[in-house]
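Asks: Before I ask anything, let me first share the structure, which is written out below as structure tokens.
What follows is calculated from the coordinates using simple rules that are stated; it is not laboratory data. What you are looking at is a predicted structure, and each value in this text was computed from that prediction instead of being measured. FYI the Cβ positions are ideal-geometry reconstructions off the backbone, even for glycines, and counts take in every protein chain you see.
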Amino acid sequence: MQFVLSQTGRPNDGTDPTGFFNIEFHAQLKPDKEWQRKIKKEDLITEIKEAIDIYPGVILGFSQPIQDNVEEYVAGVKSALVIKIFGNDLHQLEELAEQTAATIQDIQGVEDVNVFRSIGLPELQIKLDESKMARYAVSMADAQSVAEMAIGGKAATQFYEGERIFDVRLRFQKEYRDNEDKIGNILIPTMDGKYVPLKEIADIKFITGPTFIYREGSSRYVGVGFSIRDRDLGSTIAEAQKKVSESVRLDSENRMEWAGEFESQQRATKRLMVIVPSVLVLILFLLYLNFGTVKDTLIAASAMPYAFIGGFISLWVTGTVFGISAGVGFIILFGITAINSILLISLMKQRMQYSRNLRLAIDEAVSERIRPILMVALMGSMGLLPAALSSGMGSEIQRPLAIMIVGGIIICMILSFTVLPQVFYFAYRRDKRLKKDIR
């Protein structure tokens, strides 16, 4: 590491609304070439975690500066993934959050489990009893005013120093307000000019109150943050949701939401579910405009599954999990497959008109088109090969897309030259322009 910077609590400008308990360390890493040991980012995180886990009460979360801001914007808390439990009773919410954290703690791939606690700040609670106040003839305003002045301090006048103005506050000395008994002995004036101790008209006690109340949509919630490493997001969340639904029971006034990267993935998946069919329909429309016949359009459309086959085979061989970037790769493969189909079908029909021999026309077309299509496929594959083989920081975004295209292009090309000509042959083998004895 080059250097480490730390920040405790929130900044003075209020741009980062976090609690005093939050400590952030910015560790600037040296370039990979200067590392004494060649280790992966995940291994480095594991070593740091093991070194800091010896300190009790410390809950770790690993992120990056821009990623941290994006995660907080998406999830509402400083965590890649978060389970939000909504309700009114903060004590009950914390109990539910503890149950949820214990449930997901042992799931494979789940790391950095953290409950964003709200309870933990000592508070002095003074509950005035109206019936006792009426018995002693004490007004609510007098009781509140004296208690505020004695314990918290109250401005009695102002002091002028040039153009600067300072409040002069009155407050009991610490030895008269440092425990419940002394606070209870504070004298409150009655309406008939007498005095009564505060403890005679109020219930005084120290409680543990909220230090930080998280809200969303005007509703309180307690979050359970976690991250996922060495496992895909979809299957991990599915297992976690199943276990949480079985072990955590929510009341009618409580609800649970899964946010963060999972929420973003769900939104992106829904958009892909609309975009992919729309792209397929648009490709079919363009194919029909190009060929002018439904028959040729359907032959070209029969090559669309090659994209699925090629993409999933490349992901399966490399052990890559299907994600949003891989879904974008499917759209690219659809276009490449459509272009290959247009080139082959157009030339096969052209050769068929001249030779009147279907098999010969197909062989000539395939022989003529294999070189340019192979050159385009190799050019695209070689261009994206470095991204497909990368394993550095940030590769989790570009790598699935590159693998999808590199492997998909090669497999689609093979299927286009082997399967598509057979489909074309069966579609045109009974064409009236062909001689009957040709097979």
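Asks: Assuming R0 = 60 Å, what is the FRET efficiency of ASP232 and LYS205, from their Cβ-Cβ distance, to the nearest 0.05?
Replies: 0.75
Asks: Which angle from 0 to 90°, rounded to the nearest 10, does the C-alpha axis of helix 304-318 make with the longest principal axis of the chain?
Replies: Helix 304-318 and the main axis of the chain meet at about 60 degrees.
Asks: Looking only at GLU148, GLU161, GLU253, which one moves most when the chain is put into a Gaussian network model with springs between Cα atoms under 10 Å?
Replies: Evaluated over the chain, the most mobile residue of the options is GLU161.
Asks: What is the fewest-to-most order of THR318, THR157, THR337 by other Cβ atoms lying within 10 Å of their Cβ?
Replies: THR157, THR318, THR337
Asks: How big is the dipole moment of the chain about its Cα centre under a simple scheme where the beta carbon of each Lys and Arg is +1, that of each Asp and Glu is -1, and everything else is neutral? Debye, nearest 20, please.
Replies: 3200 debye
Asks: Please give the contour-minus-distance gain from PHE159 to ILE66: 0.36 nm per residue of separation, less the Cα-Cα distance, rounded to one decimal in nm.
Replies: 28.8 nm
Asks: Among PHE330, ALA387, LEU358, which residue has its Cα positioned farthest towards the positive end of the charge dipole of the range 293-428, with +1 placed on the Cβ of Lys and Arg, -1 on the Cβ of Asp and Glu, and the dipole taken about the Cα centre?
Replies: LEU358
Asks: Hey, fewest Cβ within 10 Å first, where do GLU163, GLU263, GLU111, GLU175 land in order?
Replies: Final ranking by Cβ density, sparse to dense: GLU163, GLU175, GLU263, GLU111.
Asks: Here is a further query. Under a Cβ-only charge scheme (Lys and Arg +1, Asp and Glu -1), can you give me the dipole magnitude of the range 293-428 about the Cα centre, in debye to the nearest 20?
Replies: Approximately 300 debye in magnitude.
Asks: Related question: I'd like the projected area of the range 293-428, averaged over all directions, using the convex hull of its alpha carbons. Report it in nm² with one decimal.
Replies: 8.0 nm²
Asks: Per residue, how big is the convex hull around the C-alpha atoms of the chain? Give it to me in cubic angstrom, could you?
Replies: Hull volume over Cα atoms, normalised by residue count, gives 264 Å³.
Asks: Along the charge dipole of the range 121-210, which of LEU170, ASN185, LEU128 sits closest to the positive end, that is, farthest toward it, with unit charges on the beta carbon of Lys, Arg, Asp and Glu (+1, +1, -1, -1)?
Replies: The listed residue farthest towards the positive side: ASN185.
Asks: In addition: Compute the FRET efficiency between VAL58 and SER390 as 1/(1 + (r/R0)^6), taking r as their Cβ-Cβ distance and R0 = 51 Å, and round to the nearest 0.05.
Replies: E(calc), rounded to 0.05, equals 0.95.
Asks: Here's a follow-up. Could you please rank SER6, SER245, SER346, placing first whichever residue has the fewest other Cβ atoms within 10 Å of its Cβ?
Replies: SER6, SER245, SER346
Asks: Hey, another quick one. I need the per residue convex hull volume for the range 121-210, using only the alpha carbons, in cubic angstrom as a whole number.
Replies: Here the figure is 126 Å³ per residue.
Asks: For the range 197-235 and the range 245-275, compute the distance between their C-alpha centroids and round to whole Å.
Replies: 21 Å
Asks: Let me ask something else about it. How many nm is it between the label spots at LEU121 and GLN422, if each spot is 7 Å from the Cα in line with the beta carbon?
Replies: That separation, rounded to one decimal, is 7.2 nm.
Asks: Hey, what number do you get for the chain at 222 nm if only DSSP H runs of n ≥ 4 count, each worth -39500 (n - 2.57), divided across all residues, to the nearest 500?
Replies: Roughly -17000 deg cm²/dmol at 222 nm, from the helical runs in the chain.
Asks: Right, another one. Say the dipole of the chain comes from +1 at the beta carbon of Lys and Arg and -1 at that of Asp and Glu; which of GLN158, PHE86, LEU289 then lies farthest toward its positive end?
Replies: Highest projection toward the positive end goes to LEU289.
Asks: Another question, then. Go through the range 360-369 residue by residue and turn each phi into a ³J(HN,Hα) via Karplus (6.51, -1.76, 1.60, θ = phi - 60°); whole Hz please, and just put x for glycine and proline.
Replies: Running phi through 6.51 cos²θ - 1.76 cosθ + 1.60 with θ = phi - 60° gives 5, 5, 5, 4, 5, 5, 5, 5, 6, 8 Hz.
Asks: Suppose every Lys and Arg Cβ carries +1 and every Asp and Glu Cβ carries -1, with no other charges. What dipole size does the range 1-133 come out with about its Cα centre, to the nearest 20 debye?
Replies: It comes to approximately 380 debye.
Asks: Let me test this: with uniform point scatterers at the alpha carbons of the range 54-139, what is the Debye-based log₁₀ I(q)/I(0) at q = 0.11, 0.19, 0.24, 0.26 1/Å?
Replies: -0.49, -1.03, -1.30, -1.33
Asks: Could you give me the ³J(HN,Hα) list for the range 379-384, computed from phi with Karplus coefficients 6.51, -1.76, 1.60 and θ = phi - 60°, whole Hz, x at Gly and Pro?
Replies: Rounded to whole hertz, the list is 5, x, 5, 5, x, 9.
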